Amino acid sequence: MSQRTFFRDDPDPSIDALERRQFAERTVRALSEVRRQSASSVAGLIAPWGAGKSTTLAMIVEGLKEHEVTPWTVVDLNPWLYSDVDSLQLGFFVALREALPSDVKWNRTRERIGNFFTAISPAGKVNGLAGVDASSALEAFGQWVAGDVSANALKEKAESKLSELEKPILFVMDDLDRLTPDELLMVFKLVRLVGRLPNIYYLLSYDEKTLLDLIQQTNIASGNRGRARDYMEKIIQVRFDVPAMRPDQQSALVSDAMVDVMTRHGVESNAEDNELFARHYRNHLQNILTTPRAINRYFAQVDALYETLHEEVNFIDFALITFIRTFEPDVYKALVGPWRSELLGESLLSSTRRGEKPEEKEQRWREMLSDAHVNTADTQGMYELLRSLFPSLTPSDGFGGGRPDMSKRRGVGSRDYFDRYFNFGVPGDDVPDRTLQDLVVALNEGPDAQSIGSIRSALIGRTARVCRKLRRVMPGNPNACAELLPIFAEVYATRKHAIFAADGSPLLNLEAAAEDAAYEMAAARAEEVVRAMNRHSHGAILASNIVQRLRERGPSNFSSLLASTSRVLEERVESLLGRELDSISTHDFRHVYHWRVTAGKEIVDPRLRSTLADGDWDPLDFVARNISVVISGDVESLSELDFDLLEEVIGLDFFYASLGREIDANDAPIRRHFYADTMDNRRSLALAFLKARREGQSFDNG
């Protein structure tokens, strides 16, 4: 099936996936029996919109025209072409005259048909047939009237000749359900009161529910469904109900369409994704995709709009989002509107609902879906569909446990990919996955300044998102990983720590990406890469964090990374040992901690101890420098003193003895997360901590 087939809505008798031809053949036989029993009759071809009425009708017409025993003359009369009842009457009689045999002996019958029409038509000008002024045609008919002949007499003469027809005439009227109530009654009036002539039959095609809705709006039914149905039964003598799709036919159409679209776009979905679609088809989609038109309409949307997103989103998620957009437009609008933050877990309000019970959340969402005009019978299926697309709707252990990683599968439930599904392309502030993959592959083949520059720009623009995407394309590209680590170090120095970031912490995402890159990198390149990272202010610290992260994973290059990182940290700290501590920044002093963690206390502590014992570093400033910092937004404040480090390096008694007078004289309260990170504040808080510890006092904030 091609895209053209999806969008085509014209009848196509050559396609018979629903076994309509068998039904059409049975209908042809039934109409022949109707003709045998009745001189004139009205039949209805009934099926919902989009169920294939027009295609079935075309098959029936084909069978009637080619009937071996009693072929029919079929007249297609389209009520849409006429502006009022008079022009429809004119159109009917013109079509009837044209349908009569062309033999000379039927000329008189044509004249009688014209006389009968002139007798029953109102005086004056009849409005145009399909926009053409018909007054001249009426005048021509009027010339055939000889004397004062009654309408009944003229009708009897017409009936007399029409009864001699060898081929019955069938008027086919399709799509009656698309008329207005007044137009519909106009057609019924013509069929019931005017057109019941011998050998004249009617086959009206319509959606019964819609037709009853239209009749209810007229004075005939005055809103009463029963009266509308009674009226229809007076008009239609024979019903031909087009069989509904059987479940296996429905699923076959959907499966064939899905396979066709996936093949055309080169989509390779896995078993998990296929089962996801199949589950939601069984639970919900099949209740909506009940007609061939609905199925074609749906897959036309998928086919037409996936092209710009190829390999940039998950195809199955895109197909399911397209289903929502096609059949539940109000839900679709809400996804990118008021529901977005909760669906992606970005809303602070969501955290206040953590105590919400699953049944309470489900009820709340069912009400929201109902407000979005989802049918009551469909709200549960739609809620389950949203739950599978957006894991934030599924209760977790409070830390995201049990939820699938939407980012790995490019799912709509990932904030990295959400906007792509609604933009029908990669937004301008995003980087296509294919682009990143191509850059990494190029970088793996050798150093490439252009690739490095492009990745650096992407990282600076959307750090967290690009890191997450790089983690998916780095495996199997060890050389690229070695080239990326210095870039991570460069960007790491420019990012700020954020307690909460809707897109994720830039620093934590950089560390995770750097860890994966280091895991992939060849051991032989460890020294080179770590030193390249160290050329950036935060490179050695990032390398230390990577080593700590890799301890449990234990890659084959771990010992090389550990040794290289320890060496560059030792060099950094050695450059600090000859300087006064109050001239060393908080950032630079962090290298002491990282060297100690990386190289080990047994190596580092003796070196620090001798520096303190020899007086190269002031004891108070050393204590002050070992107070940690907390960050809230852009504000840094002093927090805790690492007593264990002081004890392990040289012992607390050393500081009590060296700083006794200062400790005694200090009356500053211990107030964590209050003091700005200045050296004076560090010294004052250090003395307060030491005094409280020496005297066994409480460390509660003042």
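The values are calculated or read from the model by the stated rules, or taken from the named source; none is laboratory data. All figures in this text were calculated on a predicted structure; none of them were measured in a lab. A quick note on method: Cβ atoms are made from the backbone with ideal geometry, for glycine too, and the neighbour counts reach across all protein chains shown. For the accessible areas, the whole protein counts, side chains as well, though only heavy atoms, and no ligand, DNA or RNA atoms are used. Shrake-Rupley method; radii C 1.70, N 1.55, O 1.52, S 1.80 Å.
Below, the figures for the structure above:
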{"quantity": "Lone unmet requirement of (1) closer than 30 Å to Pro292 by Cα; (2) open to solvent by less than 40 Å² (accessible area, probe 1.4 Å) for His67", "calculated": "(2)"}
{"quantity": "Criterion (at pLDDT 90 or above, within 17 Å of the chain's Cα centre (by Cα) and either exposed (fewer than 14 other Cβ atoms within 10 Å of the Cβ) or acidic (Asp, Glu) (or both)) met by exactly one of Asp405, Asp419, Asp378", "calculated": "Asp419"}
{"quantity": "Number of positions in the range 317-367 that are of a type in the set (A, V, I, L, M) and modelled with pLDDT of 95 or more", "calculated": "7"}
{"quantity": "Any chance Ala334 is among the small types (Gly, Ala, Ser), open to solvent by less than 70 Å² (accessible area, probe 1.4 Å) and either assigned to a helix (DSSP H, G or I) or touching a Cys at 6+ places or on another chain (Cβ under 8 Å) (or both)", "calculated": "yes"}
{"quantity": "Filtered residue count, the range 590-611, keeping only those that are open to solvent by 20 Å² or more (accessible area, probe 1.4 Å) and more than 57 Å from the chain's Cα centre (by Cα)", "calculated": "4"}
{"quantity": "Those helices (runs of 4 or more DSSP H) lying entirely in the range 612-702 with at least 1 residues open to solvent by 40 Å² or more (accessible area, probe 1.4 Å)", "calculated": "643-649, 652-658, 660-665, 679-694"}
{"quantity": "Selection within the range 216-262 - among the small types (Gly, Ala, Ser) and assigned to a helix (DSSP H, G or I)", "calculated": "Gly226, Ala228, Ser251, Ala252, Ser255, Ala257"}
{"quantity": "Residue count, the range 307-325 (criterion: within 11 Å of the chain's Cα centre (by Cα), of a type outside the set (Asp, Glu) and part of a helix (DSSP H, G or I))", "calculated": "10"}
{"quantity": "Those residues of the range 218-259 which are exposed (fewer than 12 other Cβ atoms within 10 Å of the Cβ) and either of a type in the set (Phe, Trp, Tyr) or within 30 Å of Arg192 (Cα to Cα) (or both), in sequence order", "calculated": "Asn219, Ser222, Gly223, Gly226, Glu233, Lys234, Asp241"}
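One line per residue, one yes/no per condition, for (1) at pLDDT 90 or above; (2) crowded, with 18+ Cβ neighbours inside 10 Å; (3) part of a loop (DSSP other than H, G, I, E, B):
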site	(1), (2), (3)
Arg4	no, no, no
Ser14	no, no, yes
Arg36	no, no, no
Gly44	yes, yes, no
Thr55	no, yes, no
